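Below is one structure, written out as structure tokens, with a few remarks after it.
The values are calculated or read from the model by the stated rules, or taken from the named source; none is laboratory data. All figures in this text were calculated on a predicted structure; none of them were measured in a lab. FYI the Cβ positions are ideal-geometry reconstructions off the backbone, even for glycines, and counts take in every protein chain you see.
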Amino acid sequence: MIFAHRGSSGTHPENTMLAFEKAKNAGADGLEIDVQLSNDGEIVIAHDEKLDRTTNGKGYIKDCSLQKIKTYNASHKFVEQYGKTEIPTLKELFDWLGGNDLLCNIELKNSVFRYPGMEEKVIRLIKSNMLEERVILSSFNHYSLVQCLQIAPELETAPLYRDGLFRPWVYAAQIGARAIHPNINVASDYVINSAIRAGIKVRPYTINSKASMEHLFQIGCSAIITDFPEKAIRIRQQN
Ligand code: G3P
Ligand code: CA
């Protein structure tokens, strides 16, 4: 499968409805998105804790109300192409997902700030939208994933990691996760094959080169997470 990393972020403003629409139209199987919490407890889709890199705002998302966050332009680096685009909420994305069949990997960005209550809030929204079968919760904070499974054991979780883990497929099974999301640098063929044999899915990130895409499709990796879903789809068709 092909998951669009922050949407079609290689060509469109990351984590915006523009990037999600583009990924859907390109034929991606799923989205990978990042979530943070505003100071009034709203779940917003943004990679960084701060507004500075991706918008014309400044400061921490956790210090702003949703109303304030909505005034900033999430496509300010692409302003000539796209004009103004808001930071979407998870609720807005879920409303849109109701009209298609994309999968959605929600990365809980709760390693820098712990965001009390984030797990409960995200899971409540998943359930009220009946998206349990279409979401995967991932995080670099593996304690948070265990907490998610305590709240909702039916959900798929996937630990993210960038450094080597010893037998990550065994570790995943021990914490109740059904998948692993390794950085490309630690996603060896041995890890991928061992995990798949053990019934643990593997979705490495961020796979942008033709050679890596071809290789991972050829060895039967479960999915890739890429900034360029359109390119990945072309390559998948040729393999
Ligand atoms: O979920 C895969 C990947 O997005 C994790 O790293 O920094 O791009 O959120 P990052
Ligand atoms: Ca992410």
Item checked: Selection within the range 82-115 - in a loop (DSSP other than H, G, I, E, B), in contact with a helix residue (DSSP H, G or I) (Cβ under 7 Å, 6 or more places away or on another chain) and not β-branched (Val, Ile, Thr) -> Pro88, Asn100, Leu102, Asn110, Phe113
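Return the total of residues in the range 177-190 being of a type in the set (A, V, I, L, M, F, W, C) and more than 15 Å from Ser212 (Cα to Cα).
3
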Margin query: Looking at Met1, Met17 in this structure, which one is modelled with pLDDT of 95 or more and away from ligand 1 (no atom under 16 Å from the Cβ)?
Written below: Met17
Checklist line | Of all residues making up the range 88-119, the number that are touching a Lys or Arg at 6+ places or on another chain (Cβ under 7 Å), within 16 Å of ligand 1 (Cβ to nearest atom) and either farther than 15 Å from Leu37 by Cβ or among the aliphatic types (A, V, I, L, M) (or both) | finding: 3
Check: How many of the residues in the range 168-193 are farther than 21 Å from Ile106 by Cβ, of a type in the set (A, V, I, L, M) and loosely packed, with under 15 Cβ neighbours inside 10 Å?
Finding: 1
Checklist line | Failed item, numbered, when Asp34 is tested on (1) within 16 Å of ligand 1 (Cβ to nearest atom); (2) part of a loop (DSSP other than H, G, I, E, B); (3) not hydrophobic (A, V, I, L, M, F, W, C) | finding: (2)
Notebook entry, point to check: Pick from the range 55-87 the residues that are modelled with pLDDT of 95 or more and of a type in the set (D, E, K, R): which of them is surrounded by the fewest Cβ atoms within 10 Å (Cβ to Cβ)?
Noted result: Lys58
Checklist line | Within the range 97-121, considering residues that are among the acidic types (Asp, Glu) and surrounded by fewer than 21 Cβ atoms within 10 Å (Cβ to Cβ), the one nearest to the chain's Cα centre (by Cα) | finding: Asp101
Next item on the list: Could you please tell me which pairs satisfy a Cβ distance under 6 Å, a separation of 6+ or placement on different chains, a first residue in the range 135-156 that is more than 18 Å from Gly117 (Cβ to Cβ) and within 14 Å of ligand 2 (Cβ to nearest atom), and a second residue that is acidic (Asp, Glu) and modelled with pLDDT of 95 or more?
Entry: Ile136/Glu156; Ser138/Glu107
Next item on the list: Take Gly41 and decide whether it is touching a residue at least 24 places away in the same chain (Cβ under 8 Å), farther than 20 Å from Asn208 by Cβ and either within 16 Å of ligand 2 (Cβ to nearest atom) or in a loop (DSSP other than H, G, I, E, B) (or both).
Entry: yes
Margin query: Val79 - would you say it is within 16 Å of ligand 2 (Cβ to nearest atom) and assigned to a helix (DSSP H, G or I)?
Written below: no
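Regarding Arg124, is this residue surrounded by fewer than 21 Cβ atoms within 10 Å (Cβ to Cβ), under 14 Å from the mean Cα position of the chain (by Cα) and away from ligand 2 (no atom under 16 Å from the Cβ)?
no
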Checklist line | Selected residue (criterion: nearest to Met118 (Cα to Cα)) from residues of the range 21-31 that are of a type outside the set (D, E, K, R) and assigned to a loop (DSSP other than H, G, I, E, B) | finding: Ala28
Item checked: Answer residue from the range 194-215, given it is farther than 17 Å from Ala177 by Cα and among the β-branched types (Val, Ile, Thr) and is surrounded by the fewest Cβ atoms within 10 Å (Cβ to Cβ) among those -> Thr206
Check: Which one of these is away from ligand 1 (no atom under 14 Å from the Cβ) and touching a strand residue (DSSP E or B) at 6+ places or on another chain (Cβ under 7 Å): Val135, Val122?
Finding: Val122
